[in-house]
Amino acid sequence: MEKIKSGKQLERHFKGIANHWRINILLLVGASEGITLEEMADQLGGNFKTISEHTRRLVQAGLLNKAYQGRTVQHSLSPYGKKIFTFIRTFQHS
């Protein structure tokens, strides 16, 4: 039996993507698993600190995972992040 999320749980995920930077970061990570903050800032044309804060919020919302590799941090989509990524891509192309 599939567990149904409460309104509060859904709010956490939806607030996690309620910003154009976070949507773009989520789409970029979905297309480039293992991407670092520096690479995100370069590809999105954003300030490193801005991108860092938005990735932190995506991690907090349960949509991104961080993996520490020496001095760098690689980012990937969480299982919920993958579902939101698919939803955004579908919605984007409809």
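So here's what we get for this one:
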item	result
Relative contact order (%) - the chain, alpha-carbon pairs under 8 angstrom, separation at least six	29 percent
Euclidean distance between Cα centres, segment 1-27 to segment 35-94, Å	13 Å
Neighbour count of at most 15 Cβ within 10 Å plus DSSP loop: longest GluC sites (Glu not before Pro)-free window in the chain	34-94
Pair Arg56, Leu44: separation of 7 Å Cα→Cβ label points (nm)	1.4 nm
Percent of alpha-carbon pairs separated by more than 17 Å within the chain	47 percent
Rounded FRET efficiency, nearest 0.05, which uses the C-beta distance separating Ser76 from Lys8 and R0 of 22 Å	0.30
Among Gln43, Met1, Ala61 - extreme Cα towards positive end, dipole of the chain, charges at beta-carbon	Met1
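Only the coordinates and a few stated rules stand behind these numbers; no lab work does. This structure is a prediction, so every number in the text was calculated from the model and none was measured. All Cβ positions, even for glycine, are placed from backbone atoms using ideal geometry, and neighbour counts span all protein chains on display.
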